[in-house]
Amino acid sequence: MSVIRYLSSICELKELIGVQYGPDKFFAFVSNKVAKIYPSLIPANSFKIAQDENDKHIHTAIRMWQYLLHQGAERRSSILAIGGGAVTDLSGFVASTYMRGIASIYVPTTLLAMVDASVGGKTAINLGGIKNPIGTFHEPTEVWICPELLHSLPRRDLLSGYAEIIKQSVLAGGDMFVHLMNTDPLSQEMDWLTFIRENIAFKQSVISEDVEERKGYRVQLNLGHTIGHAIEAMSMQPERPFGQPVLHGEAVAAGLICELYLSALQSNGSTALVREVMALCRNLYRPIPILCKHLPELIKIMYHDKKNISKKINFVSVQNPGSFTLMEIESEENIKESLDFYRETFG
């Protein structure tokens, strides 16, 4: 399990990077956006990566392997990954495969990366318009969390990360769900450190029971992702069916609503929970303009989901906060009904 360090300021983070970084041992992969906003954080000779899903593919990984090789990275070298989830996913994949695996330290700079992408040891690249079908399990040795970095995030990016907090709070139930429902993430008094600690602790507790997702327990963290990943992937197609790419968290929020609806439809899940999460998300996210004509393509993408068994689309079903089960979607008509519910109710 990764060591999590919580840092009180960007100055503390800068000092830690300066102490740890040595060109003969650490090799930095850095988001272009972060390099522009915080140039003083960035080590010399860093490899720059675009902080989006379009750069998370094998061609970028090849360039990163070549960079490590030409810079003289060895088996005992380490990678320092500074950026959002796409950067940590990609950097972790490269670290796990270079010389059969070298160490890595993550410095997540977005809320999404802090509470989700940087914790749990999953690495990935995209392939053929499908999100994350290629990847490994490779825990970073440490994750350095600095909530002050969130001050520079655009509201849309901040709320994208918050969708994973909503998802995990639904899964956790109890005090964590109550905390969620009584919090305004856009408040000036928002205590991000408490929320981040709470969510990382929950995710690590899940992972510790099922590190490589072989027992079926860790799969709960995919709540909202069967439909959400399909929406996200389709939004990045060249014709831009939804007008612009949909951020990961925005897609997960929509997928969460649809999958809670499916839970109510197929397994007597709580309709009150559907209404509560719908009301919460309507206050935070813009509706995604999903039309009837988009449904066949979305369903086609869902057939590539990693949770599927025997070519049947599966999703994480939640009956009430704190309970889950992996369930087969009974028919494509049920998927269409859930998306119709989202379209007709959310907008």
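FYI, it's all coordinate maths here, none of it is from the lab. The structure displayed is predicted, hence computed values, not measured ones. Note that we place each Cβ from the backbone using ideal geometry, even for glycine, and neighbour counts take in every protein chain shown.
Computed over the alpha-carbon atoms, the chain gives an Rg to Rh ratio of 0.96, Rh here being the Kirkwood radius from the mean inverse distance. Sites counted here are GluC sites (Glu not before Pro) in a DSSP loop (not H, G, I, E or B) having no more than 16 other Cβ atoms within 10 Å; the longest part of the chain that contains none of them is 75-188.
Computed as a quarter of the hull surface, the mean projected area of the alpha carbon convex hull for the range 11-169 stands at 8.9 nm².
Computed from the Cβ-Cβ distance with R0 of 56 Å, the FRET efficiency linking TRP65 to ASN268 stands at 0.65.
Largest first, the three principal axis extents of the alpha carbons in the range 165-289 are 41, 41, 29 Å in whole numbers. Three principal axis extents describe the C-alpha atoms of the range 112-161; from largest down they are 33, 29, 11 Å. In this structure, the pairs whose alpha-carbon distance is over 25 Å, taken from LYS122/LYS215; LYS203/LYS293; LYS14/LYS131; LYS25/LYS215, are LYS203/LYS293; LYS14/LYS131; LYS25/LYS215. Reducing the range 220-275 and the range 40-58 to their Cα centroids gives an inter-centroid distance of 28 Å. Rg and Dmax of the range 220-316, based on Cα coordinates, read 13.2, 39 Å. The distance between label points at ARG100 and ASN54 comes to 3.8 nm (points 7 Å beyond Cα on the Cα→Cβ vector). Across the range 144-154, computed HN-Hα scalar couplings (Karplus, 6.51 cos²θ - 1.76 cosθ + 1.60, θ = phi - 60°) run 9, 9, 10, x, 4, 4, 5, 5, 8, 6, x Hz from first to last residue, x flagging Gly and Pro. Rounded to the nearest 10 degrees, the inclination of helix 58-71 to the longest alpha-carbon principal axis of the chain is 20 degrees.
Can you give the longest run of the chain that contains no trypsin sites (Lys or Arg not before Pro) sitting in a DSSP loop with at most 12 other Cβ atoms inside 10 Å? Between exposed loop sites, the widest span is 77-213. Taking label positions 7 Å along the Cα-Cβ direction at both LYS215 and SER152, the computed distance is 4.0 nm, reported to one decimal. The value for the range 276-340 of Rg(Cα) / (2.2 N^0.38 Å) is 1.27. Rounded to the nearest whole Hz, the Karplus-based 3J(HN,Hα) values (6.51 cos²θ - 1.76 cosθ + 1.60, θ = phi - 60°) of the range 159-164 follow the sequence 5, 4, x, 5, 4, 5, with x at glycine and proline. Length gained on full extension, LYS312 to ARG286: 6.3 nm, using 0.36 nm per residue less the C-alpha separation.
Scan the range 258-339 for chymotrypsin sites (Phe, Trp or Tyr not before Pro) in coil per DSSP, keeping those whose Cβ has at most 10 other Cβ atoms within 10 Å, and list them by number. Here no chymotrypsin sites (Phe, Trp or Tyr not before Pro) fit, given the DSSP loop and packing criteria.
Residue-wise HN-Hα couplings along the range 264-276, as the Karplus relation 6.51 cos²θ - 1.76 cosθ + 1.60 with θ = phi - 60° gives them from phi, are 5, 5, 9, 9, 6, x, 6, 6, 5, 5, 4, 5, 5 Hz; Gly and Pro carry x. Taken along the Cα-to-beta-carbon direction at a fixed 7 Å, the label points for LYS336 and GLN319 span 3.0 nm. Amide H contacts of GLY269 (H built 1.01 Å from N, in plane; Pro and chain starts excluded): ALA264 sit under 5 Å, all sequence-distant by 5 or more or on other chains. Backbone N atoms of the range 146-164 closer than 12 Å to the 7 Å Cα→Cβ label point of LEU193 belong to residues 146-148. In plain terms, the C-alpha convex hull of the range 27-87 casts an average shadow of 4.1 nm² when viewed from every direction.
Annotation: extensible slack from TYR303 through ASN32 equals 94.2 nm (criterion: 0.36 nm per residue apart, minus Cα-Cα distance).
With the cut-off at under 12 Å, measuring from each backbone N in the range 269-296 to a point 7 Å along the Cα-to-Cβ line of MET181 picks out 271-280.
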